[in-house]
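Engineer: Below is one structure. I have some questions about it.
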Amino acid sequence: MSATRLIWYFGGSLGLLLIVTSIGGIFTYVFRKLFADFGQRLGPNRVGPYGVLQLVADGIKLFTKEDIVPARAERRGFLLAPYLTFIPAVLAFSPIPFGQGLLLTDVRVGLILIFAITALAPLGELMAGWASNNKYSMLGGLRAAAMDVSYEIPLLISALAVILLAGSTSTAQIVEKQAHLWYFLPQLLGLFVFLVTLIGKVGVLPFDLPEAESELVTGYTTEYSGMRFAFFYLTVFANVFFIAAITVMLYFGGWLGPFGLNLPGPLSFIWFFAKAGVLVFVVFWIWNSLPRVRIDQFLNINWKLLFPLSLANLVLTALLVLTGVIH
């Protein structure tokens, strides 16, 4: 590999890491402000104008807090687990095109690569629960694994319907194929299943069962402090943006504007982030509005509702493609 290509990959990877961590950090402030607005409260308002420096204050607090490892924890697994959840969350963004030509990894199997990377995250959650040597943490890790295995199936089937429409697993080509028709129109059912399963996979309300305060005392993160704790929550908020980004890419035309109002290459990211911002608001709205479901209800929703709907959507999509209604 040439030195220029190596420098390009290093710089791109570092840039992606900074973007994802920045988004994750900023969303902690945005979430608290929206949470306060929904509850008719003020939210952060003491540190800086409108509380915008609360993020800096939180960062200083987390950096300076003692990094505690429980005496009977499995030390190596305990220390490694936060990175096993955070690194896949960052890598999953590499094949997503934020604009025309603005993606770090342009491969023909980009969509498959995304789902392969995200499948690694539950290993970190399960490891955190097991290595903590805490029954609540262990139950939280097991719940995370069970949820991920269950919801991964209708999620992938919904994405497969989009692959049928586009005739490609390349993320850039999937966006380009939507130049005349955004896929949310023929895929309303698939979009519903995809969005619900992705929220369930990420594990935010109403599906935050691995860390449910009422019965698991924050679950697999119970024994963590300082920056290791922060890595878990940066991952959660980065995943909120991931939900929005991949949904925009698959169903809402990516960097393409509505009615052919496209922006030139370097500015095409504006449409992408505008659409993603709307979807982030929707996810936060759901997070702040709906009550938590029980674990048995959660699994029933998946296997008795979302899984059959995803299969029905896939069959319907295949028929539309075979009959030439959509091509």
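The values are calculated or read from the model by the stated rules, or taken from the named source; none is laboratory data. What you see is a predicted model; the values in this text were computed from it and never measured. With ideal geometry, Cβ positions are generated from the backbone for all residues, glycine too; neighbour counts draw on all protein chains shown.
Engineer: List the pairs whose first member sits in segment 173-195 and is over 21 Å from Val109 (Cα atoms), whose second member is modelled with pLDDT under 90 and part of a loop (DSSP other than H, G, I, E, B), and whose Cβ atoms are under 6 Å apart, counting only residues at least 6 apart or on separate chains?
Structural biologist: Pro186/Ile326
Engineer: If you go through segment 33-74, how many residues are in a loop (DSSP other than H, G, I, E, B), of a type in the set (Asp, Glu) and loosely packed, with under 14 Cβ neighbours inside 10 Å? Break it down into steps so the answer makes sense when it comes.
Structural biologist: First pass over segment 33-74, keeping only residues in a loop (DSSP other than H, G, I, E, B): 39-48, 52-53, 65-74.
So of that shortlist, the ones also of a type in the set (Asp, Glu) come out as 66-67, 74.
Retained after the next criterion (residues that are loosely packed, with under 14 Cβ neighbours inside 10 Å): 66-67.
Number satisfying all stated conditions: 2.
Engineer: Let me ask something additional. Being modelled with pLDDT under 85, among the acidic types (Asp, Glu) and within 25 Å of Ile114 (Cβ to Cβ) is true for just one of Glu215, Glu211. Which residue is that? Step through it out loud before you land on a result.
Structural biologist: Numbers: Glu215 fails: within 25 Å of Ile114 (Cβ to Cβ).
On inspection, the qualifying residue turns out to be Glu211.
Engineer: Go through segment 95-154 residue by residue and tally those that are assigned to a loop (DSSP other than H, G, I, E, B) and not aliphatic (A, V, I, L, M). Steps first, please.
Structural biologist: We begin by selecting, within segment 95-154, every residue assigned to a loop (DSSP other than H, G, I, E, B); these are 95-98, 100-101, 103-109, 119-120, 132-134.
The next check asks that each one be not aliphatic (A, V, I, L, M); those that pass are 95, 97-98, 100-101, 105-106, 108, 132-134.
Total meeting the criteria: 11.
Engineer: Starting from residues that are part of a loop (DSSP other than H, G, I, E, B) and of a type in the set (Ser, Thr, Tyr), keep the ones in segment 205-225 and report whichever is nearest to Ala81 (Cα to Cα). Give the steps one after another, and end with the answer.
Structural biologist: Of segment 205-225, the ones part of a loop (DSSP other than H, G, I, E, B) are 205-208, 212, 217-218, 222-225.
Cutting the leftovers down to of a type in the set (Ser, Thr, Tyr) gives us 218, 222, 224-225.
Numbers: Thr218: 16, Thr222: 13, Tyr224: 10, Ser225: 13 Å.
Step by step, filter segment 205-225, then rank; the result is Tyr224.
Engineer: Here's a check for you: in segment 175-184, which residue that is modelled with pLDDT under 90 and not small (Gly, Ala, Ser) is nearest to Ala159 (Cα to Cα)?
Structural biologist: Checked segment 175-184; the qualifying residue nearest to Ala159 (Cα to Cα) is Leu181.
Engineer: Hey, another quick one. For Gly77, all conditions in the list (1) of a type outside the set (A, V, I, L, M, F, W, C); (2) within 30 Å of Phe272 (Cβ to Cβ); (3) in a helix (DSSP H, G or I) hold save one; what is the number of the exception?
Structural biologist: Single failed check for Gly77: (2).
Engineer: Looking at (1) in contact (Cβ under 8 Å) with a residue 12 or more places away in the chain; (2) in a helix (DSSP H, G or I), which one does Ala274 not meet, given that it meets all the others?
Structural biologist: (1)
Engineer: Checking Ala144 against (1) surrounded by 21 or more Cβ atoms within 10 Å (Cβ to Cβ); (2) under 19 Å from Leu305 (Cα atoms), only one condition comes out false. Which one?
Structural biologist: Of the numbered conditions (1) surrounded by 21 or more Cβ atoms within 10 Å (Cβ to Cβ); (2) under 19 Å from Leu305 (Cα atoms), the odd one out for Ala144 is (2).
Engineer: Just a yes or no: is a residue in segment 306-323 over 20 Å from Gln173 (Cβ atoms), over 23 Å from the mean Cα position of the chain (by Cα), modelled with pLDDT of 90 or more and among the small types (Gly, Ala, Ser)?
Structural biologist: yes
Engineer: Hey, can you tell me all the residues within segment 167-200 that are charged (D, E, K, R) and outside any helix (DSSP H, G or I)? I'd like the intermediate steps shown before the answer.
Structural biologist: Filtering segment 167-200 down to residues charged (D, E, K, R) leaves 176-177.
The one that is charged (D, E, K, R) and outside any helix (DSSP H, G or I): Lys177.
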